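S.K.: For reference, the structure I am asking about is given below.
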Amino acid sequence: MTNDQLKKLQNDLWASANSLRAYGGMTAANYAVPVLGLIFLRFADNKYSQFEPDIIKELEEDKGTRRERSIESIAIDKCGFYLPDYARYDYLLKLPGEQKLAEALRAAMEGIEQYQDEKFKDVLPKEAYFDIEKKKADILPQLLKTFSDIPKDATGDIFGKIYEFFLGEFAMSEGQKGGEFFTPTSVVRFIVEVIEPFAGKIFDPACGSGGMFVQSAKFIKEANHDLSDIYVCGQENIGQTVRLAKMNLMVNNIRGEIAEVNSYKSDPFVSLSKFDFVMANPPFNVKSVKESDVINDERFYKYGLPKNKGKNTEDSITDANYLWVSLFATSLNDKGRAGFVMPNSASDAGNSEYDIRRKMVDSGMVDCMVSMPSNMFFTVTLPATLWFLDKQKMGTDRMDKILFLDARNTYHQINRAQREWKEEQIQNLAAIVRLYRGETDRYLELVSHYIGHAEEAIEKLPAAFDNLQTKLQNSLASLRQYAASSTTKRKPEEQAKLDPSGLLQKLNDFGMPESSLPNFTGQSTTLSLSEAEATTNDPSVGQVNISQLAFTETLTAHIALLKDLDAKIKTSKDAITEIWTEADKLLKLKADKNWSELELSNLAKNLDELHQNWKNATAQVTYWHSNIHWLQSRFPNATYRDVVGLCKVADKVEYAVEQDYSLNAGRYVGIEITDDDISPENFKNIISEKYSEFEKLSGNASSLEIQIKENLKSLFV
């Protein structure tokens, strides 16, 4: 299944399910768990069907021997669970209308859980289906039919993406409440790219629906590592969300466990110094935590407790932000990495929070601070900050350095209220972190990856160009042919309307401007070694960067030619469309089949479609060029450097002495000033022009105000 096919399937499934939700008059909160339970049921049936032939084969071969086992035992070994007949999707789908579907679904869910490990029991929804059935009896049958559209050969990866998509849509529907169980995927993706949880134990003490774990699994698969190399441990306070998370683990085949606990009060995984990776998006600014719950717990007091200083502060925690920060830090083992979300205010918090932050920074574990755009979360509109801790850098030459990254201006606007990072934006920001770590090869691999996509996009240009050019030329020829062949068929009154229009003259005079697709390979540019420094002691690495820079220089010239070509194409397309529009009114004869035989019916629409295909093809080339240029223009030597307005590596003097342990990236990276080549005289002229315009507009406003007052007075005279 391609990405486009998957996206269409996801959108179709959501549109169908969401319309039923509205039809039943239920909120997303009441609807999410049972719907996700049905997706899980479809997943379970698909997976079991793949293993079923082997299960039956072993059952038959061992029957009557000493090796004979129950079908349930064989199924658990081969598939991970047993699916009884009454839990099969087709069985439920074909139940007679008089039978209560809610009862059948409860039995199916209980049948699946009966043979599961203890930690995955009581996870699947059961009673919720009765609530839906009470609302509208026909909703459940329609939902079952909706999810039967998921192909029977869909793999676990496909189900994982569908499950995650639905979680995101439900979270968006719920707004503030939705953010309690779902962290936007792009945010999690970036955290994963930075801490790189290839193998080991991963901890999320505020795990919600388990999105951090799912993205970790995706990262591992993409890196061709084994998913069995990780084990996840999650903690969540809300029972319904715990069940969502457990289903998420099962759908994505992730080993681990989720505990339903209050992380301030319980430590079910004995987390102190235990985990290789910590990832989290905890609740912000919680003020209800009591000091008595945490004062004797080293997870929280190791760096100090966030307390108000002075008298009458007994049992008083200011807020829980730094309790979470301490929990994340103390949960890491000696080589551990952490990535988590915090409100911006935590980066500069004073009093006892300042003391905690100073101790953590002085330990050398604070690695990177990333300021995020606003509107990235469902719960808050204000921008947040991503903190990254890395105990691997303690004792290295990066111990007293912190990378500050200001990503507030890097985002994709989904709609008026929501933003995200696109995949390439995630990779570009992660590339900065990798250059800071000295991983030049990773940077060059990314640029090479983009170049590969650009070359693929370039290969698609000739077909799009030829199809459009051929259609334009053929259309012009067909119009001329029709004009010539229809002369004798035209009535005098029709000819009388046609002659003064000048259409025939316009048709004969119009000439298609010569245009050809630029030859990309023929414009190759070679840079000498003296024109760019070698990036490392390995000359081959420097040469790779030089070759990549040369490619981009050629591509830049190519795109400029494409823009000129597109302008010519659009001029020709618009002119022929205009001629065809007139011809459709004045030249075309009624009931003349020759018009359609010459493919002149719907010509404007056909030309628009081919032109759009061409624009899409050129847009792809431009898109990959923009990503390559974004990186190379900032890091031309494929090594890290500070970029004003984007990134800065601060040493201890800067962050400890000059900025007094502030971890606010904006204090370090500065502001990029565009058009700074404007002379003082030009600047004065620009301001003067703006002031003159302001005075003119102000005068107009005053005149309008007087006129409005006079008009209103006249109404009462």
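S.K.: Tell me the residue from 532, 567, 484, 477 that is modelled with pLDDT of 90 or more, among the small types (Gly, Ala, Ser) and within 27 Å of residue 628 (Cα to Cα), please.
M.R.: Values: 532 fails: modelled with pLDDT of 90 or more; 484 fails: within 27 Å of residue 628 (Cα to Cα); 477 fails: within 27 Å of residue 628 (Cα to Cα).
Within the list 532, 567, 484, 477, the selection yields 567.
S.K.: Of all residues in the range 590-642, count the ones that are within 26 Å of the chain's Cα centre (by Cα) and of a type in the set (S, T, N, Q).
M.R.: Matching residues across the range 590-642 total 10.
S.K.: Hey, another quick one. Please go through the range 330-363 and pick out each residue that is in a loop (DSSP other than H, G, I, E, B), surrounded by fewer than 20 Cβ atoms within 10 Å (Cβ to Cβ) and in contact with a strand residue (DSSP E or B) (Cβ under 8 Å, 6 or more places away or on another chain). If you could, list the steps in order and put the result at the bottom.
M.R.: Our first condition is that a residue be in a loop (DSSP other than H, G, I, E, B); within the range 330-363, this holds for 331, 348-350.
When the remaining residues are screened for being surrounded by fewer than 20 Cβ atoms within 10 Å (Cβ to Cβ), the result is 348, 350.
Selection gives nothing.
S.K.: Which ones in the range 566-586 are hydroxyl-bearing (Ser, Thr, Tyr) and either within 19 Å of residue 490 (Cα to Cα) or surrounded by fewer than 20 Cβ atoms within 10 Å (Cβ to Cβ) (or both)? Even if it seems obvious, please write down each step before you answer.
M.R.: Taking the range 566-586 and keeping what is hydroxyl-bearing (Ser, Thr, Tyr), we get 571-572, 577, 581.
Within the range 566-586, 571, 577, 581 meet the criteria.
S.K.: Mind checking which helices (runs of 4 or more DSSP H) fall wholly inside the range 20-133 and carry at least 1 residues that are crowded, with 19+ Cβ neighbours inside 10 Å and acidic (Asp, Glu)? Steps first, please.
M.R.: Values: elements: 28-62, 71-79, 89-93, 101-113.
It comes to 28-62.
S.K.: Looking for something of a type in the set (Asp, Glu), touching a Ser or Thr at 6+ places or on another chain (Cβ under 9 Å), surrounded by 17 or more Cβ atoms within 10 Å (Cβ to Cβ) and modelled with pLDDT of 95 or more - is there at least one such residue anywhere in the range 374-397? Even if it seems obvious, please write down each step before you answer.
M.R.: Initially, the range 374-397 is screened for residues of a type in the set (Asp, Glu), giving 390, 397.
From what's left, touching a Ser or Thr at 6+ places or on another chain (Cβ under 9 Å): none.
Looking for residues that are of a type in the set (Asp, Glu), touching a Ser or Thr at 6+ places or on another chain (Cβ under 9 Å), surrounded by 17 or more Cβ atoms within 10 Å (Cβ to Cβ) and modelled with pLDDT of 95 or more, one finds none in the range 374-397, hence no.
S.K.: How do the pairs read when you match residues in the range 251-273 that are aromatic (Phe, Trp, Tyr) with residues anywhere that are in a strand (DSSP E or B), using Cβ under 6 Å and keeping only pairs 6 or more apart or on different chains?
M.R.: 269/233
S.K.: Would you mention how many residues in the range 407-452 are part of a helix (DSSP H, G or I) and crowded, with 18+ Cβ neighbours inside 10 Å? Before you say what the answer is, go through the steps one by one.
M.R.: Filtering the range 407-452 for residues part of a helix (DSSP H, G or I) gives 423-436, 440-452.
Still in the running and crowded, with 18+ Cβ neighbours inside 10 Å: 424-436, 440, 443-444, 446-447, 450-451.
Here the count works out to 20.
S.K.: Something else: Checking residue 400 against (1) crowded, with 19+ Cβ neighbours inside 10 Å; (2) in contact with a helix residue (DSSP H, G or I) (Cβ under 6 Å, 6 or more places away or on another chain), only one condition comes out false. Which one?
M.R.: With respect to (1) crowded, with 19+ Cβ neighbours inside 10 Å; (2) in contact with a helix residue (DSSP H, G or I) (Cβ under 6 Å, 6 or more places away or on another chain), residue 400 is out only on (1).
S.K.: When residue 550 is evaluated against the numbered criteria (1) within 19 Å of residue 474 (Cα to Cα); (2) free of Cβ contacts under 8 Å to residues at least 40 places away in the same chain; (3) in a helix (DSSP H, G or I), which criterion, by number, is the only one it fails?
M.R.: The single condition residue 550 does not satisfy is (1).
S.K.: Name the single residue that is surrounded by the most Cβ atoms within 10 Å (Cβ to Cβ) among those in the range 614-652 being in a helix (DSSP H, G or I) and of a type in the set (A, V, I, L, M). Talk me through it step by step, then tell me what you get.
M.R.: Step one: list which residues in the range 614-652 are in a helix (DSSP H, G or I), which gives 614-634, 652.
Imposing the further condition that a residue be of a type in the set (A, V, I, L, M) reduces the set to 617, 619, 621, 628, 631.
Working: 617: 21, 619: 12, 621: 22, 628: 26, 631: 22.
Looking at residues that are in a helix (DSSP H, G or I) and of a type in the set (A, V, I, L, M), I get 628.
S.K.: OK, next. Scan the range 41-60 and give yes if some residue there is of a type in the set (A, V, I, L, M) and in contact (Cβ under 8 Å) with a residue 40 or more places away in the chain, otherwise no. Write out each step before concluding.
M.R.: Quick first cut of the range 41-60, residues of a type in the set (A, V, I, L, M) only: 41, 44, 55-56, 59.
Okay, now just the ones that are also in contact (Cβ under 8 Å) with a residue 40 or more places away in the chain, so 41, 44.
Checked the range 41-60: at least one residue is of a type in the set (A, V, I, L, M) and in contact (Cβ under 8 Å) with a residue 40 or more places away in the chain.
S.K.: Cβ-Cβ below 6 Å, separation at least six or inter-chain, first residue in the range 282-309 and assigned to a loop (DSSP other than H, G, I, E, B), second at pLDDT below 90 and hydroxyl-bearing (Ser, Thr, Tyr): which pairs?
M.R.: So the pair list comes out as 306/318; 308/316; 308/318.
S.K.: Considering only residues of the range 134-148 that are assigned to a loop (DSSP other than H, G, I, E, B) and more than 17 Å from residue 43 (Cα to Cα), which is farthest from the chain's Cα centre (by Cα)?
M.R.: First, pick out the residues of the range 134-148 that are assigned to a loop (DSSP other than H, G, I, E, B): 136-138, 148.
Applying the additional criterion that residues be more than 17 Å from residue 43 (Cα to Cα) yields 136-138.
Values: 136: 35, 137: 37, 138: 35 Å.
Checked the range 134-148; the qualifying residue farthest from the chain's Cα centre (by Cα) is 137.
S.K.: Same structure, new question: For residue 591, work out the one condition from (1) part of a helix (DSSP H, G or I); (2) under 30 Å from residue 494 (Cα atoms) it doesn't fulfil.
M.R.: (1)
S.K.: Looking at the range 467-504, which of the residues that are surrounded by 14 or more Cβ atoms within 10 Å (Cβ to Cβ) and not in a helix (DSSP H, G or I) is farthest from the chain's Cα centre (by Cα)?
M.R.: Per the stated criteria, the residue is 490.
S.K.: Of all residues being buried (at least 21 other Cβ atoms within 10 Å of the Cβ) and in contact with a Gly (Cβ under 9 Å, 6 or more places away or on another chain) in the range 258-275, which is modelled with the highest pLDDT? Just the residue, please.
M.R.: Going residue by residue through the range 258-275, those that are buried (at least 21 other Cβ atoms within 10 Å of the Cβ) are 258, 263-264, 271, 275.
Of the ones still in play, those that are also in contact with a Gly (Cβ under 9 Å, 6 or more places away or on another chain) are 258, 275.
Numbers: 258: 93, 275: 97.
So, considering only residues that are buried (at least 21 other Cβ atoms within 10 Å of the Cβ) and in contact with a Gly (Cβ under 9 Å, 6 or more places away or on another chain), the one modelled with the highest pLDDT is 275.
The values are calculated or read from the model by the stated rules, or taken from the named source; none is laboratory data. Note that the structure is a prediction, hence the values are computed from the model and not measured. Every residue, glycine among them, receives a Cβ derived from its backbone with ideal geometry; neighbour counts consider all protein chains shown.
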